[in-house]
Ligand SMILES: Nc1ncnc2c1ncn2[C@@H]1O[C@H](COP(=O)(O)OP(=O)(O)OP(=O)(O)O)[C@@H](O)[C@H]1O
Ligand SMILES: [Mg+2]
């Protein structure tokens, strides 16, 4: 479907997620609704266990909703199959997980290049990968494998990878959670630059007050619900 700028980047309506365990059903998300306009920088906050990662995973089509609607650029994603979701994610989404999910058999640089290779992109990809690694302060770690990198370094590689294809929407779960102040500031700068220069819509889950303070909007979650929405 064609996207227009009048459409929100993300539209969520009455979203529920329940998970059945052997003994009972856990209601993780309980009726979430919000719109994210194109180019907004939204921070999602809330206590551990409030449902932030679950929400982000649903927005990225990584998990099935129990009930409700999610549209990305006007396109409903809740009914799509895995192949359709993969195409949509490649086109629209960069995603940084709370666990970094780097490919262990690839170097830092190869991990950053991977989305371009999967998408069949070439051209400026190698130089962009180098430039992104430089931006996250890892140009000297290019040839290292994930196991040779610290948690914070892996997180920065994951972020560089997420930006590789200049996604219109970037979702990140605690992108600065394991970084020291200096590297956290680098990563925040990188995201703000993408937001400003390329109009990237940012949806970040964070506990980091410095990061949340730079966002244009903060949504607070508690027990699977939105309890405040401050712009
Ligand atoms: N597969 C699952 N089965 C049962 N419960 C689950 C499952 N996944 C998540 N939960 C529960 O759902 C709730 C929300 O989890 P979620 O990971 O979304 O929280 P969060 O806000 O991201 O927390 P944190 O800040 O610690 O990362 C938690 O109580 C968690 O235990
Ligand atoms: Mg989480």
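Helix 108-118 and the long axis of the chain differ in direction by around 60°, with both axes built from C-alpha atoms. Hey, how many Å between the Cα centroid of the range 19-41 and the Cα centroid of the range 137-156? Between the Cα centres of the range 19-41 and the range 137-156 lies a distance of 33 Å. In the range 58-172 the Cα-Cα distances spread across 5 Å bins starting at 0 as 2, 12, 22, 21, 17, 12, 8, 4, 1, 0 percent of all pairs. Averaging the Cα positions of each part gives two centres, and for the range 185-231 and the range 87-129 these lie 22 Å apart.
I'd like the antiparallel share, as a percent to the nearest 5, of DSSP beta bridges with both residues in the range 113-231. Write out the running numbers ahead of the final one.
Working: 5 of 10 bridges.
Expressed as a percentage, antiparallel bridges in the range 113-231 total about 50.
GNM on the chain, alpha-carbon springs under 10 angstrom: the most fluctuating residue among 198, 109, 82 is 82. Scattering from the C-alpha atoms of the range 23-72 alone, worked out with Debye: what is log10 I(q)/I(0) at q = 0.30 1/Å? Rounded to two decimals, the profile gives -1.51. Per residue, the convex hull spanned by the Cα atoms of the chain amounts to 135 cubic angstrom. Axis of helix 181-198 versus longest Cα principal axis of the chain: the two differ by about 80°, to the nearest ten degrees. Quick one: angle between helix 151-163 and the longest Cα principal axis of the chain, in degrees between 0 and 90, rounded to 10, please. Around 80 degrees separate the two axes. Scaled to the globular estimate 2.2 N^0.38 Å, the Cα spread of the range 121-188, given as radius of gyration, is 1.08. Beta-bridge orientation, the chain: approximately 55 percent antiparallel, per DSSP, counting only bridges with both partners inside.
For the chain, the 222 nm mean residue ellipticity estimated from helices alone, with every DSSP H stretch of n ≥ 4 adding -39500 (n - 2.57) and the total spread over all residues, rounds to -10500 deg cm²/dmol.
Laboratory data are not the source of any read-out in this text; all were calculated from the coordinates shown. Given the structure is predicted, the values throughout are model-derived calculations rather than measurements.
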